[in-house]
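Trainee: Sharing a structure below in structure tokens format, with a few things to ask.
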Amino acid sequence: MTEEDPSPNPETPVDPLVTHPASPFLQTEAPAPVNYASPPSPPPTPAIYSTWVLYRTQIEFGLSLLAYLMVLVGSVVVVQANPEADWRYFVVVLPVAPAAFVIWLFVRALARLDELEKRIQMQAFGFSLGTTALLTFGYGFLEGAGLPHLNWTYILPLMAILWGLGTAIFKWRYR
Amino acid sequence: MAVSVKNRLRVLRAELEWSQADLAERLGVSRQTVNAIETGKYDPSLPLAFSLARTFKRRIEEIFEAETSRA
């Protein structure tokens, strides 16, 4: 008597519910999962366009400074070539136009700052103005004691440097 | 009597999983401003506080709390 394994191969699936001839059920395929994809993303913004959006103020500032320098050099050359002409006064003041545009851009950039940035700039301007006054008065006293006289045009670069320094200091204080 | 203002900005921001930059973009301010408000180094103006309340869909009192101390 051979020993017969009563249980079928455990590997084969037992499914009498659908495999039996009299079964009313039908084996159907499981529905394929539907991919609910994200809506198509907009095409990537061209790099040149995003540069213009991000750095528009800086680009405008740089271009108008360039325009100022070009007009300045041009007017100097023209006036040096025609030192006796009647219209030389008009040519000499031409660089004021691009310079005024630079100032307009600067004021517009200030107006666009948020409230904390405006406060930082106000403190930096105050620091720059006060420190410039202190340094120029101090040097004025030293001139009285015999140090050489310095040109007035040094004051604006000094103020600009101190303004940058003040911006860095007050930005750091709100970090 | 000095009034110092505390806020729950960092907690509310973390609940929504927003970065400081995300919140700054929604408010139209710089990321540094959001950071300075969170750390209590800068108290926002009323319009900015109302924008914050609207962004988080809460009342201002649920975000900012005044602490009075004798000074």
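Here, each number is a calculation from the coordinates, and none is a lab measurement. For clarity, every value in this text was computed on a predicted model and none was experimentally measured. In this analysis, Cβ positions are derived from the backbone assuming ideal geometry, glycine residues included, and neighbour counts consider all displayed protein chains.
Trainee: Taking +1 at the Cβ of each Lys and Arg and -1 at the Cβ of each Asp and Glu, which of A:ALA22, A:GLY62, A:GLY130 sits farthest along the dipole of the stretch A:14-146 towards its positive end, judged by Cα position relative to the Cα centre?
Mentor: A:GLY130
Trainee: Just name one of B:LEU23, B:ALA36, B:PHE50: the one whose Cα is farthest towards the positive end of the charge dipole of the stretch B:14-71 (beta-carbon charges, Lys/Arg +1, Asp/Glu -1).
Mentor: B:PHE50
Trainee: Give me the angle, in degrees from 0 to 90, between the Cα long axis of helix A:96-111 and the longest principal axis of the Cα atoms of chain A, rounded to the nearest 10.
Mentor: 50
Trainee: What length, rounded to one decimal in nm, is gained on full extension from A:LEU147 through to A:VAL93, with 0.36 nm per residue of separation minus their alpha-carbon distance?
Mentor: Length gained between A:LEU147 and A:VAL93: 16.0 nm.
Trainee: Is the shape of the stretch A:27-143 best called rounded, prolate or oblate, per the rule: a/c under 1.5 gives rounded, else a/b larger than b/c gives prolate, else oblate, with a ≥ b ≥ c the square roots of the Cα gyration tensor eigenvalues?
Mentor: It is oblate, given that a/c is not under 1.5 and a/b is not larger than b/c.
Trainee: Helix-only estimate, please: 222 nm mean residue ellipticity of chain A, summing -39500 (n - 2.57) across DSSP H runs of length 4 or more and dividing by its residues, to the nearest 500.
Mentor: -20500 deg cm²/dmol
Trainee: Of the peptides B:33-40, B:44-51, how do they stack up when ordered by the mean number of other Cβ atoms within 10 Å, highest first?
Mentor: Listed from highest to lowest mean packing, they are B:33-40, B:44-51.
Trainee: Rounded, prolate or oblate for the stretch B:21-68? Axes are the square roots of the Cα gyration tensor eigenvalues, ordered a ≥ b ≥ c, and the cut-off for rounded is a/c under 1.5.
Mentor: The shape class here is oblate.
Trainee: I've got another one for you. Angle, helix A:56-81 long axis vs. longest principal axis of chain A, Cα atoms, 0 to 90°, nearest 10?
Mentor: Taking Cα atoms only, the helix is inclined about 30 degrees.
Trainee: Given a cut-off of 32 Å, what percent of all Cα-Cα pairs of the protein assembly as shown lie beyond it?
Mentor: Result: 59 percent of Cα pairs exceed 32 Å.
Trainee: Suppose we flag chymotrypsin sites (Phe, Trp or Tyr not before Pro) only when DSSP calls them loop and at most 14 other Cβ atoms lie within 10 Å. Which is the longest uninterrupted stretch of chain A?
Mentor: It works out to A:88-175.
Trainee: Rounded to the nearest 500, what is the 222 nm mean residue ellipticity of chain B from helices alone, with -39500 (n - 2.57) per DSSP H run of 4+ residues and division by all residues?
Mentor: Taking each H run of at least 4 residues, the total per residue is -14000 deg cm²/dmol.
Trainee: Sticking with this one: Scan chain A and hand back the longest stretch that contains none of the GluC sites (Glu not before Pro) lying in DSSP loops with at most 12 other Cβ atoms within 10 Å.
Mentor: After excluding every exposed loop site, the longest remaining stretch is A:85-175.
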